[in-house]
Amino acid sequence: MKRQLETEWKKRQYMEEKDYEIYYYNDYNLSPVRAHSHNYYEIYFFLEGDAEMNAEEQVFWPKPGEVLVIPPGIVHFLRIRNHEKPYRRIVLWISAGYLEGLLLQSEDYGYLFERAQLKKQFLYQFDTILANQLQGMAFRMIEEQWGDRYGKKAFLYLKLNEILLVMNRMVYEQNHKKVAKGEEETYQMICNFIGSHLEEDLSLERLSNQFFLNKYYIAHLFKDKVGMSAHQYITRKRLDACKDAILGDEPIGQICQQFGFSDYTSFYRRFKREYGVSPKEYRRQHQIEVL
């Protein structure tokens, strides 16, 4: 089966497709590849061989089951050390634009790529079970690509997104095996800060800089603790604060600005969605109840 999925290796170092390309290669006498970089993400799933990868002055000798992630703009090249052994790998190219689109859907797609881009962590090791899971998913995608079944395009995108999300999950869980002990304290500390600074910028970037934590870790922390994103949590806290303040005499437009809402229209829409009535109706109802 795998032999049928092989692609003849070519020196092309640019994408012909808009979003992604995926290939399975099996070579013995691979010609040298000069140092180069791409404007897309390159992911190697190493299956077999004796090769040396150089990236940003780091040298790797990947083993079967390991994955190498090369972000855009990273100069790299590969050298085969033993031409008598087959060099087998799956290569997945992801355009920067496609990944940006995924990040708009969920920041969970970005953890792995942020580590590769900012921390220069290119090589990732997985145990046999996880490595086989990733390879199986990649081969399933390649198999679909060679076929012509109904729904092929949609299926390929589903598998691609699944591979990327599973890889992010694997790497995240590898790096957070021992954080549970201090998680509650960290979570409470962030919540206390949010409650005291509702009128300020409370983006993930701001919280990340404030607490010296990875923004994706903060995002996962809120999902794990309260089942919602940090943004949703902050918005709810701001709405609660506004709801209490509305019971006073201060103009509602000033109240929403005091608690971090940039415009009244956005505040109005979220308030009504959360409480079922408009801010003015809420104030009027409360006044009626008091009377």
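Numbers for the structure displayed
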{"item": "Per-peptide average of other Cβ atoms within 10 Å, ordering 213-224, 142-153 highest first", "result": "213-224, 142-153"}
{"item": "Given LYS11/LYS119; LYS63/LYS85; LYS63/LYS120; LYS120/LYS153, the pairs whose alpha carbons are separated by over 25 Å", "result": "LYS11/LYS119; LYS120/LYS153"}
{"item": "Share of carbon and sulfur in the accessible heavy-atom surface of segment 237-291 [1.4 Å probe, %]", "result": "47"}
{"item": "Per-residue [θ]222 nm for the chain (sum of -39500 (n - 2.57) over DSSP H runs n ≥ 4, rounded to 500)", "result": "-16000 deg cm²/dmol"}
{"item": "The chain - accessible surface per residue (Å², probe 1.4 Å)", "result": "56"}
{"item": "ARG81 accessible area, 1.4 Å probe, all protein chains in place, Å² to nearest 10", "result": "110"}
{"item": "Segment 120-215 - percent of accessible surface contributed by carbon and sulfur, probe 1.4 Å", "result": "52"}
{"item": "Electrostatic dipole magnitude of segment 1-114 [Cβ: Lys, Arg +1; Asp, Glu -1; Cα centre; debye, to 20]", "result": "580"}
{"item": "Close Lys-Lys pairs in segment 164-291, where close means Cα under 14 Å and separation is 8 or more or interchain", "result": "5"}
{"item": "GNM top mover of TYR111, TYR187, TYR41 - the chain, alpha-carbon springs below 10 Å", "result": "TYR187"}
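The values are calculated or read from the model by the stated rules, or taken from the named source; none is laboratory data. A quick note: this is a predicted structure, and the numbers were derived from the prediction, not measured. Note that we place each Cβ from the backbone using ideal geometry, even for glycine, and neighbour counts take in every protein chain shown. Just so you know, the surface numbers come from the protein's heavy atoms only, side chains and all, with ligands and any DNA or RNA stripped out. Shrake-Rupley method; radii C 1.70, N 1.55, O 1.52, S 1.80 Å.
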